[in-house]
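To keep things clear, I will list the structure first and then write my remarks on it.
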Amino acid sequence: MEATMKVAVMTDIGKMKIEKRPTPKPAPGEALIKVEYVGICGSDMHYFESGRIADFIVECPFVLGHEASGTVVELGQGVTNLKVGDRVALEPGTTCGECEFCRTGKYNLCPDVVFFATPPVPGVFQEYVTHDAKLCFKLPDNVSTMEGALVEPLAIGFYAAQTINAHAGQTAVVIGAGCIGYMTLLALRASGVRKIIVIDILDKRLKMAKELGAWETINGASIDIVKEVMRLTEDKGCDLVIDTSGNEKCVGQAVEMIKCGGNILLVGYSHNDRMDLPISLVINKEITFKTIFRYRHMYPIAIDALAGGIIDVKPMVTNIYELDDIQEAMCKSASNKEDIVKSVVKM
């Protein structure tokens, strides 16, 4: 194995470069992974464009990327669940295992989580990475490592569907036709929901939502989405709304279109970090608001859905870049959201 590896480094807002760094060695309990694909996430683009998300602030130089898959090339002492040559998807958050949240299975809420590409923890835009072997999930023979890189966002979709108790017979609205909106659409369908309405302001995004199985789509730039949802549901309203946009106006509209007793799930972060909502209507309708933070226990479910052919994530990969082209990959992914659904970097 080479002593050094290529690493894509964010050197300033909007700037990336390739550096050579020492290839890491796995510690006890870790595996060394030859990274093959890394998805470019919305959070990567936020950090790249503005240098921060809420209280997480990038201090350059910094390595982005957390949606990763690859092949095991070396094992640290004591690792028994993997062997060299295994192809794996990497769950990116290592938790303490000792706090009240870890002990009760809610490990995604661990205050001491170490999560790839969440400052100050470096990410995986690099040729090799070491990771806790317990968080390296084997990919079946019929699941490619490119698909493996999309297990992370798919896990969010499944966690959203599980949290909001999605099931057959419901009508659901997904606001935001980005990668997470699509993954949520697919997870809702896998959970038995068939009447799924997807809302966005880009026709190309809505066209793909329809191809992925949306019952109906609405372009909110030209149509009153509340009136249209009420028309489509014969004035009954919908059972579920999952907002992946983080847009205050959209969440307010969700309150108007939801049935009495319905559930609204917030997935997307708000740019303003505050929302002004019609609270009287929320109370009158007895609406339940729920939120999710990343996911927990979802990797096996997501991988099983891919292996079983229940879900196909390949159509979402619209652009594949080489690591050496990381500057172009980040710039185009951030600036051309209409045409680019999901970019992946091939290592």
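For the stretch 186-207, a residue qualifies if it is touching a helix residue (DSSP H, G or I) at 6+ places or on another chain (Cβ under 7 Å) and crowded, with 21+ Cβ neighbours inside 10 Å, and the qualifying residues are 186, 187, 188, 196, 197, 198, 199, 200. Scoring residue 341 on the criteria (1) in the same structural domain as residue 19 (by TED's automatic domain parsing); (2) over 23 Å from residue 268 (Cβ atoms); (3) among the β-branched types (Val, Ile, Thr) leaves a single failure, condition (2). One residue stands out in the stretch 270-311 among those that are among the aromatic types (Phe, Trp, Tyr) and surrounded by 15 or more Cβ atoms within 10 Å (Cβ to Cβ): the one that is farthest from residue 45 (Cα to Cα), namely 299.
Being under 24 Å from the mean Cα position of the chain (by Cα) and part of a strand (DSSP E or B) is the filter here; which residues of the stretch 75-91 pass it? Please lay out each step first, then the result.
Taking the stretch 75-91 first, the residues under 24 Å from the mean Cα position of the chain (by Cα) are 86-91.
Once the filter is applied, which keeps residues that are under 24 Å from the mean Cα position of the chain (by Cα) and part of a strand (DSSP E or B), the stretch 75-91 yields 87, 88, 89, 90.
The criterion of being in a helix (DSSP H, G or I) and either farther than 14 Å from residue 299 by Cα or in contact with a His (Cβ under 7 Å, 6 or more places away or on another chain) (or both) holds for residue 146.
When we screen 27, 31 for residues that are assigned by TED's automatic domain parsing to the domain that holds residue 114, touching a helix residue (DSSP H, G or I) at 6+ places or on another chain (Cβ under 6 Å) and of a type outside the set (Ser, Thr, Tyr), the only hit is 31. For the stretch 176-185, name all the residues that are of a type in the set (A, V, I, L, M), buried (at least 24 other Cβ atoms within 10 Å of the Cβ) and not in a loop (DSSP other than H, G, I, E, B). Matches in the stretch 176-185: 183, 185. Annotation: residue 170 fulfils all but one of (1) of a type in the set (S, T, N, Q); (2) in the same structural domain as residue 324 (by TED's automatic domain parsing); (3) surrounded by 21 or more Cβ atoms within 10 Å (Cβ to Cβ); the unmet one is (2).
The values are calculated or read from the model by the stated rules, or taken from the named source; none is laboratory data. What you are looking at is a predicted structure, and each value in this text was computed from that prediction instead of being measured. Quick reminder, even Gly has a Cβ in these numbers, built from the backbone with ideal geometry, and neighbours come from all protein chains shown.
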